[in-house]
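Following: one structure in structure tokens, then a few remarks.
The values are calculated or read from the model by the stated rules, or taken from the named source; none is laboratory data. Treat the numbers as computed from the prediction; the structure is a model and nothing was measured. Quick reminder, even Gly has a Cβ in these numbers, built from the backbone with ideal geometry, and neighbours come from all protein chains shown. The accessibility values were calculated without ligands, DNA or RNA, using every heavy atom of the protein model including side chains. Shrake-Rupley method; radii C 1.70, N 1.55, O 1.52, S 1.80 Å.
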Amino acid sequence: MQLYACTTKPDDPAAFAWTCKGPEAAPFNARGELVGDHFGGPTWRGCDGSAVVGAVLKRVAAPNPKKAIPWLLLEEKSHAGSGVFATITHIQRLDTVGGVAPKKGCDAEDAGEVTRAPYTARYAFFYPAEPEV
């Protein structure tokens, strides 16, 4: 899920808009096994306790931006633990479907309301290159 909250616009406190608050997702590997969770930060935390927090380097509109959230390239901002996510350097979000903000606008009556938009994506995780021997 992609979470959106109805908040005031930074440039117009009298106006409201859906603001992305981040994901609430369960990532699976290519074998269909749950590998952890994915939440705001953006953070990926493995079942082994390791984690990586990313920072967006590049954002590109999905092929159908009205129906899918953008594709992203992120770089590692911080790590935790010593497992699968502990040495990741970059993350790509690709092939997104869904996850867009509600089409219905929001107003003062909706302020603070949070809505969830289902989405799927393919994530590619990059690790440091092996040193040459």
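Being in a strand (DSSP E or B), farther than 28 Å from Thr7 by Cα and either among the charged types (D, E, K, R) or touching a His at 6+ places or on another chain (Cβ under 8 Å) (or both) is true of Glu76. Within the stretch 52-110, the residues that satisfy the criterion of being among the acidic types (Asp, Glu) and either in contact (Cβ under 8 Å) with a residue 40 or more places away in the chain or at positive phi (or both) are Asp95, Asp107, Asp110.
Do the conditions hold for Thr120, that is, is it farther than 17 Å from Leu3 by Cβ and at pLDDT 95 or above?
Considered against the rule, which asks whether it is farther than 17 Å from Leu3 by Cβ and at pLDDT 95 or above, Thr120 comes out as no.
Within the stretch 85-94, does at least one residue satisfy the condition of being modelled with pLDDT of 95 or more, assigned to a strand (DSSP E or B) and surrounded by fewer than 14 Cβ atoms within 10 Å (Cβ to Cβ)? Looking for residues that are modelled with pLDDT of 95 or more, assigned to a strand (DSSP E or B) and surrounded by fewer than 14 Cβ atoms within 10 Å (Cβ to Cβ), one finds at least one in the stretch 85-94, hence yes.
Conditions (1) open to solvent by 40 Å² or more (accessible area, probe 1.4 Å); (2) out of contact with any Pro (no Cβ under 9 Å at 6 or more places or on another chain); (3) assigned to a strand (DSSP E or B), marked per residue:
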site: Leu3; (1), (2), (3): no, no, yes
site: Pro13; (1), (2), (3): yes, yes, yes
site: Trp18; (1), (2), (3): yes, no, yes
site: Gly22; (1), (2), (3): no, no, yes
site: Arg31; (1), (2), (3): yes, yes, no
site: His38; (1), (2), (3): no, no, yes
site: Arg45; (1), (2), (3): yes, yes, yes
site: Asp48; (1), (2), (3): yes, yes, no
site: Lys58; (1), (2), (3): yes, yes, yes
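Within the stretch 125-132, can one find any residue that is in a loop (DSSP other than H, G, I, E, B), over 21 Å from Gly41 (Cα atoms) and among the acidic types (Asp, Glu)? Within the stretch 125-132 (the criterion being in a loop (DSSP other than H, G, I, E, B), over 21 Å from Gly41 (Cα atoms) and among the acidic types (Asp, Glu)), the answer is yes, since at least one residue qualifies. Picking from residues in the stretch 25-41 that are within 12 Å of Ala51 (Cβ to Cβ) and small (Gly, Ala, Ser), the one that is nearest to the chain's Cα centre (by Cα) is Gly41.
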